[in-house]
Amino acid sequence: MSERVLDVDLENLHRVPRACLEAVFWERLDAGSGVDPRLEKLEWFAATLLEWGPCAKLVVVGEEGVAFAQFAPGALFPTLQRFPAASAASADAVYLAYCFAVEGHRRRGLGRWLIGEVARHLAERGYRAVEALGDRAGAPGWVLPLGFLSASGFVVTRDDDRFPLLRLDLLDAGRSAGHETARGRFEGISGP
């Protein structure tokens, strides 16, 4: 079966990989006990889709969601305020919170494909960049590994010993003719 990318909406949210449906690390500062993460995720998506528009991409094989990326303006991810480097986030950028592939579908280029789809989508909406925090330690959790982000074209814009802020420029404005932007890098990507 071939893979395809969908915009996540309330009708297909149930196809998002379970680990991501149950993660509200970025959406809630107090994501501890007593919180129903699936309900919180549903509420976050409903509000964000209504107020801002499409905010996630999903790679599906058949009917199964195998990879997922979630993004929105940084103000919609309150946990960002816990990271000092995030204070340098730009108003012209959208924050990439999650980029995840389920076991058995990792190391096949799905993450890079999703980043390409997110980049194209946001460039079409007029955004100039995607930003993300990277984890230098690559520890398990919801902060994306620095190596993955760097390999996907992100560059550090505010350094930190553990969690630097990275940026992926999307638009050609102000670039030299020989400089390859994210839009150009991802133009030919149609799947892993």
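The table below gives the values:
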| read-out | value |
| --- | --- |
| Cα-Cα separations in the chain greater than 27 Å, expressed as whole percent | 24 percent |
| Least to most buried among Tyr98, Tyr127 (fewest other Cβ within 10 Å first) | Tyr127, Tyr98 |
| Net +/- balance of residues flanking Leu49 in space, Cβ distance below 10 Å, scoring K and R +1, D and E -1 | -3 |
| 5 angstrom amide H check on Ala89, placed H, neighbours 5+ away | none |
| Cβ-based exposure ranking for Lys57, Lys41, in which fewest neighbours within 10 Å come first | Lys41, Lys57 |
| Under 20 Å from the Glu22 label point (7 Å along Cα→beta-carbon), backbone N, segment 118-156 | 140-144 |
| Ranked list, fewest to most other Cβ atoms within 10 Å of each Cβ, for Asp9, Asp135 | Asp9, Asp135 |
| Simple label model, 7 Å out from Cα along Cβ direction - Ala47 to Leu6, nm | 2.5 nm |
| Dipole of the chain [Lys/Arg +1, Asp/Glu -1 at C-beta], most positive-end residue of Trp52, Val16, Val66 | Val66 |
| Peptides ranked, highest mean first, by Cβ atoms within 10 Å: ranges 150-156, 128-134 | 128-134, 150-156 |
| Stretch gain in nm, segment Asp161-Glu40, where the contour uses 0.36 nm per residue and the Cα spacing is subtracted | 40.4 nm |
| Charged-residue dipole, Cβ positions (Lys, Arg, Asp, Glu), the chain about Cα centre, Debye nearest 20 | 500 debye |
| Surrounding net charge for Val66, when Lys and Arg each add one and Asp and Glu each subtract one, Cβ distance under 15 Å | +3 |
| Segment 3-43: GluC sites (Glu not before Pro) in DSSP loop, at most 12 other beta carbons within 10 Å | Glu11 |
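No lab work stands behind these numbers, since they all come straight from the coordinates. Everything numeric in this text was worked out from a predicted model, so none of it was measured. Please note: Cβ atoms are built from the backbone with ideal geometry, for glycine as well, and neighbour counts cover all protein chains shown.
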